[in-house]
Amino acid sequence: MIELAATTATGPTPLAAFDHALRRIGVGDVNLVRLSSVIPPGSIVAQRDRVYTEHAWGDRLYCVWAMAEAKVPGTTASAGIAWAFRQDGSDAGLFVEDEGSSPEAVEWTLTATLEHMIAGRNIDFGPIESRIVTATCTDEPVCALVLASYQSASWRSDAAVPAAAMALTDRVMS
Amino acid sequence: MIELAATTATGPTPLAAFDHALRRIGVGDVNLVRLSSVIPPGSIVAQRDRVYTEHAWGDRLYCVWAMAEAKVPGTTASAGIAWAFRQDGSDAGLFVEDEGSSPEAVEWTLTATLEHMIAGRNIDFGPIESRIVTATCTDEPVCALVLASYQSASWRSDAAVPAAAMALTDRVMS
Amino acid sequence: MIELAATTATGPTPLAAFDHALRRIGVGDVNLVRLSSVIPPGSIVAQRDRVYTEHAWGDRLYCVWAMAEAKVPGTTASAGIAWAFRQDGSDAGLFVEDEGSSPEAVEWTLTATLEHMIAGRNIDFGPIESRIVTATCTDEPVCALVLASYQSASWRSDAAVPAAAMALTDRVMS
């Protein structure tokens, strides 16, 4: 299951606003590793208020995200993700992300991009769904974030041949 | 074996053009994870029409790429990767990527960078090879892409059955 | 143990200067995979002259970095990382990175960001520490780099601890 959550947040710097947004959707304590956005077979995209993917503080979280920031009062930031599933029973699909200065611009780009991606694959896809979030800066920097969480990876189970790997992990991480 | 492929493509948006280019070289169905470009021991760089690295839809693909886009009619985008191998029998080497507005500029940067990288390592390297691709925007956005594919990682075998995994590693990397 | 090292370096191109900086701190021979900066439990941040994390040529190295470049003579590039640890015996913490045109600007951003991140977590944190490095371009491009190295991953041991890992994978993806 891929969990998709969206939010807006503020902070004294754009990075602080981004961190604030990550915390709001439950992923402020992970190391994000960004993917380029293909949905593996056997997936569903579950829209949630936050991400519940099991993880420990500091784990790597493989995810797709769109993030836009605005730091000049009066300006607007929109971020969006769109997706569609193959209609062959595989439960596999495609994501697209976009960031811009209005939800209309982001929606246009998401739809035009995903329609072109679908048309070029000679596979039937179901309807396009999307999630777009928008924030306007009034004073502090703002962040608009949509994030889709795939899977977490622990630092301890990354490694390999059990014995040697645990030894390596202990040596390097502790 | 690292497979290197290059292409140009168009689309209604720069991201759609990038996706189109990825599809053309056989990696439109994977999640790209970008590497910073060192070639592991025991490798060869095989120039191909497309990438044949074994993978399933949605897998992570570790790769190095250079991608340039042009969306103003009349403008040009060039992307290139250069590489060289150590001459000590290790079959290890270095990649460099660059993006620019002409193939000449990209080639100059690739060569100057890789020569400096080689000179600073006190190791003998063989000749520099490179692949540069260029696209000019006439109407729709265009994308110029060169991509070197290292290895795929399945979501299920991130961990994995030792025997099968080793077999995969051997098949993909040697 | 997370090793943190910093340096400045020059080169004929910004990428060559970055490579030069990476070599100076002992990581010119790895494929960097960038993390978004959470410190896992059981860690210490050791400030070193270079990175000693065990790795082979071409391995992936999971790390956090801040890198700034200046290529116009007379201009300055500053890069910095700040961090703080939870005070609950977990030895877990947070990193923040910033890049800018002066050490004062970078320090202000690092501190404002990390203070906001700490205040929003309802957890006691210890003092903020930071490392900032600055380079001024006189002729060739310069690079200012601060890098924190977590752990390397071999291409052969991508696969892994059989039983425990499969259990983890199943729990997260289904």
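Sorted from nearest, the other copies put their residue A:88 label points 4.7, 4.7 nm away, the label point being 7 Å from Cα in the direction of Cβ. Taking the fewest neighbouring Cβ atoms within 10 Å as the starting point, the ordered list for A:63, A:143 is A:63, A:143.
Counting only Cα atoms, segment C:85-128 measures 36, 18, 13 Å along its principal axes, largest extent leading.
Database remark: amide H of residue A:150 closer than 5 angstrom to the amide H of A:62, A:63, A:64 (H placed geometrically; neighbours at sequence offset of 5 or more, or on other chains; Pro and chain starts carry no H). Proximity of backbone amide H atoms, modeled 1.01 Å from N, is registered between residue B:46 and B:2, B:3, B:4 at under 5 Å, excluding neighbours fewer than 5 places apart on the same chain.
A viscosity of 0.890 mPa s and a temperature of 25 °C, combined with the Kirkwood radius over C-alpha pairs in the Stokes-Einstein formula, give the protein assembly as shown a diffusion coefficient of 104 µm²/s.
With a Förster radius of 41 Å applied to the C-beta separation of residue C:46 and residue B:105, the computed FRET efficiency comes to 0.50. Among C:66, C:16, C:119, the largest mean-square fluctuation in a Gaussian network model of chain C, built with springs joining Cα atoms closer than 10 Å, belongs to C:119. Spacing of the modelled spin labels on residue A:1 and residue C:54, each 7 Å from Cα toward Cβ, amounts to 3.9 nm.
Evaluated at 20 °C with a viscosity of 1.002 mPa s, what Stokes-Einstein diffusion coefficient in µm²/s does segment C:1-124 have when Rh comes from the Kirkwood expression over alpha-carbon pairs? It comes out at roughly 136 µm²/s. The residue among B:132, B:154, B:92 whose Cα reaches farthest toward the positive pole of the charge dipole of the protein assembly as shown, with charges on the beta-carbon of Lys, Arg, Asp and Glu, is B:154. The 3J(HN,Hα) values that the Karplus relation (6.51, -1.76, 1.60; θ = phi - 60°) gives for segment B:44-52 are, in residue order, 10, 9, 9, 7, 10, 6, 7, 8, 10 Hz. Gly and Pro appear as x. Helix content alone sets the calculated 222 nm mean residue ellipticity of the protein assembly as shown: runs of n ≥ 4 DSSP H residues at -39500 (n - 2.57) each, divided across all residues, give -7500 deg cm²/dmol.
In this assembly of identical copies, the label point of residue C:105 (Cα plus 7 Å along Cα-to-Cβ) is separated from its counterparts by 2.3, 2.3 nm, sorted shortest first.
Between A:58, A:8, A:122, the Cα set farthest toward the positive side of the dipole of segment A:2-158 (charges on each charged residue's Cβ, about the Cα centre) is that of A:58.
Counting beta carbons within 10 Å around each of A:37, C:149 and listing the fewest first gives the order A:37, C:149. Each residue of segment B:136-148 was assigned a 3J(HN,Hα) from its phi angle through the Karplus curve 6.51 cos²θ - 1.76 cosθ + 1.60 (θ = phi - 60°); the sequence is 10, 6, 10, 8, 6, x, 10, 10, 10, 9, 10, 9, 10 Hz, with glycine and proline shown as x. Summary for residue B:44: label point 7 Å along Cα→Cβ; distances to the equivalent points in the other copies, ascending, 4.8, 4.8 nm.
Among B:138, B:8, the order by Cβ neighbours within 10 angstrom, fewest to most, reads B:138, B:8. Rounded to whole numbers, the Karplus 3J(HN,Hα) couplings from phi for segment B:26-43 are x, 10, x, 10, 10, 8, 6, 10, 7, 9, 9, 4, 10, 8, x, x, x, 9 Hz, using 6.51 cos²θ - 1.76 cosθ + 1.60 with θ = phi - 60°, and x at Gly and Pro.
Read-outs: derived from the displayed coordinates by stated rules, not from any lab. Remember, predicted model here, so these are calculated numbers, not experimental data. Heads up, the Cβs are rebuilt from the backbone with ideal geometry, glycines too, and the neighbour counts pull from every protein chain shown.
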